[in-house]
Structures are given as C-alpha cells and as structure tokens.
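One structure is given below, encoded as structure tokens.
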Amino acid sequence: MRSLRSPLPALALTAATALLLTACGSTEAPADAEETSASSGAGPVTVTDDRGEVELDAPAEKVVSLEWGLTENLLSLGVTPVGAADVEGYTTWDQVVPLEGDVTDVGTRGEPSLDAIAGLGADLVVTTTDLPENVIAQIEETVPVIALRGSDASDPIGHMRRTIEVLGEVTGRSDEAADVLAEYDAAVEEGKAALAEAGLEGSSFTMADGWVADGTVSVRMFTEGAFLGALGQEIGLVNAWEGEGDADYGLAVTDVEGLTQLSDAPFLYLASASEADPFGEALATNPIWTGLPFVAAGNVHRLPDGIWQFGGPAAAQAWIEATVEALTAA
C-alpha cells in the first residue's frame with residue numbers, strides 16, 4: 001500500500017490501489033463577489049448532477065468540497081471553499097491553483113466528518129459519485145449536495161468542461177466558467193501550434209505515474225480515456241499505450257515488464273517530492289527498465305510536481321505547457 005494512494009480518487013482504488021484521504025477547507029468571497037452576484041442574478045438555481053436534479057434557493061456562496069479536482073475548479077472560479085477535504089494532500093498534489101485562507105478541515109475525502117460539515121452552515125457540498133451513496137444521503141440531511149463523476153473515460157474532456165460549467169452555474173459564476181474554458185481552449189491551440197512548429201504533430205507519447213511498495217514498482221498508465229491521455233490527443237499527439245483503462249478514470253495498472261511493449265517514444269510521468277520517484281530512483285538500476293527503448297534513448301521526462309491528474313482546466317493548461325516544453329526541448 002502506498003502513500004500515493006492518497007492522491008487517487010475514490011473509485012481509482014479498484015483501478016489502481018487503495019486511497020489515503022484527509023481534509024480541510026474555508027470560503028472567502030472574492031473582491032468582485034458583489035458585482036458577480038449582481039450580473040449572474042441571485043434567484044433560484046436548478047442544476048443536474050450525476051444523480052439527478054438539485055435545486056438551490058440562490059447561488060451557493062459557502063461551499064464545502066470533498067474532492068481535490070472540485071476544489072481546484074472552485075478556486076479557478078474565484079470561490080474559496082469554507083471546507084475542503086484533505087488540504088494537506090491538496091497542497092502536495094494539486095499546486096496549480098493554491099488553496100489559501102482560513103479553510104476548515106472536514107475530514108478525509110473518503111470519510112468526511114458530517115459534524116464538521118454541518119457546523120460550517122454551508123449552502124452546498126460538492127463531491128464525486130465515488131463517495132458512497134449512504135454518506136451523500138447523510139450529508140443531504142443538512143445541506144444540498146452536488147455529486148459528479150470524478151471523470152468519464154468515454155469523454156474525459158467533455159466531462160471536464162461540464163464539471164466547471166455545473167460548478168459555475170451553481171455558484172452564480174457561469175461567466176467565470178466560460179472565461180476559464182476559453183483560457184483552456186487558447187492553451188490547447190497554443191500547444192498544438194508549438195508542437196507543429198517543432199515538427200512533432202502526430203508524434204507518439206505515453207503518460208504514467210507509479211508507486212513503490214515493498215520494493216516493487218507498480219505503474220499506472222493513462223490511456224486515451226484518461227484525462228491526461230486525452231489532453232495529449234487534444235494537442236495533436238498520439239497515445240502509444242494500447243491497453244484499456246477503467247470506465248471512469250481511464251487508468252491501466254501494469255509493471256515494468258508491461259512497458260516492454262513500448263517504443264522509444266517519449267515517456268512522460270508525474271511524481272511528488274513527498275515520495276520516492278518510482279522511475280528516476282526506484283528503477284534506476286533495474287535492467288529491464290534501463291533496457292527499455294525510451295529509457296535508452298533518453299526519452300523519459302518527469303513533469304513538474306503538483307499537476308493534478310484528475311483536475312480541471314487549470315491542471316490541463318499546466319500539463320499542456322509542461323508537456324510542450326518537455327517535448328520541444330528534447
């Protein structure tokens with residue numbers, strides 16, 4: 001069991017390993033909150049999440065977030081949650097949009113504290129459908145809940161867009177959501193252009209992360225249905241990993257022997273300073289690893305820490321920028 005399990009979404013337990021979860025959070029209205037509220041209106045709001053229709057008397061101002069990707073999206077919209085799950089984990093694994101201010105700890109992502117949530121007087125709790133239905137039902141006894149899938153391997157980019165739009169609508173920040181998506185679209189076009197200029201349009205890549213447990217390295221591959229795998233396709237790359245992933249997150253678990261099917265195409269990966277680097281350290285002297293074509297060719301690229309693999313448009317932009325830089329500098 002690895003500490004990297006703490007960054008995995010709840011359902012990724014079945015796709016990879018167990019989750020390690022904890023929580024914290026707090027909400028601050030941004031300086032332009034009054035103007036935003038006036039422009040978006042303060043009447044009743046009705047949205048459809050992945051469980052059904054949710055009605056609020058007015059756009060939510062005090063929001064509790066129980067998943068890192070949702071926390072990132074709220075912050076991108078200018079909404080600091082009053083409570084958030086596993087703040088320490090968020091600041092380690094999702095650094096693209098910093099979580100600052102007096103945010104209350106509401107427990108872990110998998111086991112939030114109902115008392116802590118109830119004590120915040122929140123207007124809304126946002127979570128993923130990875131959280132057990134009975135826990136969501138208990139939270140709903142005191143506060144409305146929006147529950148969205150963590151991802152959707154059949155359309156991860158479309159799901160990312162829908163998530164930020166739903167959060168924008170329910171917080172009265174649809175204009176901000178549109179701006180965030182416009183910035184993402186611009187980043188995609190810039191990434192495409194940079195790769196094309198470098199003669200890399202249509203070139204292959206693979207994306208992975210991994211962990212070390214009892215001296216053994218497990219590898220998690222991001223397929224075409226994974227958020228980061230799909231982002232590669234968005235900017236004109238071809239995912240060289242041919243295996244299938246799970247239905248939600250598009251993840252496929254393998255080991256170093258499973259990587260022997262790969263060519264010398266760039267191998268991109270994410271790690272964290274809080275853990276041993278599975279590829280740069282743990283496998284450094286492994287003869288199977290050092291004999292892999294992409295390793296022998298010097299085509300292994302560790303991307304910057306803190307880009308959340310299951311984030312929103314902000315994480316997507318950071319990944320695109322980092323990937324383009326790694327590939328064009330190679």
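The values are calculated or read from the model by the stated rules, or taken from the named source; none is laboratory data. Computed from a predicted structure; not experimentally measured. Neighbour counts are summed over all protein chains in view; Cβ atoms, including those assigned to glycine, are modelled from backbone coordinates with ideal geometry.
Among all positions in the stretch 72-79, there is at least one residue which is assigned to a helix (DSSP H, G or I) and of a type in the set (A, V, I, L, M).
The set of residues from the stretch 51-79 being more than 18 Å from Thr108 (Cβ to Cβ) and within 17 Å of the chain's Cα centre (by Cα) comprises Asn73, Leu74, Leu75, Ser76, Leu77. Can you pull out every residue in the stretch 94-132 that is over 20 Å from Leu148 (Cβ atoms) and part of a strand (DSSP E or B)? The answer is Thr104, Asp105. When the stretch 249-267 is limited to residues that are within 22 Å of Trp319 (Cα to Cα) and within 24 Å of the chain's Cα centre (by Cα), the one that is surrounded by the fewest Cβ atoms within 10 Å (Cβ to Cβ) turns out to be Val253. When the stretch 133-150 is filtered for residues that are outside any strand (DSSP E or B) and in contact with a Leu (Cβ under 9 Å, 6 or more places away or on another chain), the ones remaining, listed by number, are Val135, Gln138, Ile139, Glu141, Thr142, Val143, Pro144, Arg149, Gly150.
Scanning the stretch 40-71 for residues that are in a loop (DSSP other than H, G, I, E, B) and of a type in the set (Gly, Ala, Ser), we see that the one that is surrounded by the fewest Cβ atoms within 10 Å (Cβ to Cβ) is Gly52.
Of all residues in the stretch 268-324, those that are more than 15 Å from the chain's Cα centre (by Cα) and either of a type in the set (D, E, K, R) or under 21 Å from Asp248 (Cα atoms) (or both) total 5. Can you tell me which residues in the stretch 188-219 are of a type in the set (A, V, I, L, M, F, W, C), farther than 17 Å from Pro266 by Cβ and either more than 25 Å from the chain's Cα centre (by Cα) or not assigned by TED's automatic domain parsing to the domain that holds Gln309 (or both)? Of everything in the stretch 188-219, those that are of a type in the set (A, V, I, L, M, F, W, C), farther than 17 Å from Pro266 by Cβ and either more than 25 Å from the chain's Cα centre (by Cα) or not assigned by TED's automatic domain parsing to the domain that holds Gln309 (or both) turn out to be Val188, Ala193.
Checked against (1) at pLDDT below 95; (2) of a type outside the set (A, V, I, L, M, F, W, C); (3) surrounded by 23 or more Cβ atoms within 10 Å (Cβ to Cβ), Gly215 passes all but condition (3). Taking the condition part of a loop (DSSP other than H, G, I, E, B) and either free of Cβ contacts under 8 Å to residues at least 24 places away in the same chain or buried (at least 16 other Cβ atoms within 10 Å of the Cβ) (or both), does Ala271 pass? Yes.
Would you be able to say whether some residue in the stretch 316-325 is farther than 16 Å from Phe205 by Cβ and assigned to a loop (DSSP other than H, G, I, E, B)? Checking the stretch 316-325: not a single residue is farther than 16 Å from Phe205 by Cβ and assigned to a loop (DSSP other than H, G, I, E, B). Among residues that are more than 16 Å from the chain's Cα centre (by Cα) and surrounded by 24 or more Cβ atoms within 10 Å (Cβ to Cβ), Pro144 is not included.
Just give me the residues in the stretch 213-253 being out of contact with any Phe, Trp or Tyr (no Cβ under 9 Å at 6 or more places or on another chain) and farther than 17 Å from Ser154 by Cβ, in sequence order. The answer is Ala213, Asp214, Gly215, Thr216, Ile235, Gly236, Glu242, Val253.
Scanning the stretch 235-248 for residues being buried (at least 18 other Cβ atoms within 10 Å of the Cβ) and of a type in the set (D, E, K, R) gives a total of 2.
Entry remark, the stretch 120-141: residues being among the β-branched types (Val, Ile, Thr) and out of contact with any strand residue (DSSP E or B) (no Cβ under 9 Å at 6 or more places or on another chain) number 0 in total.
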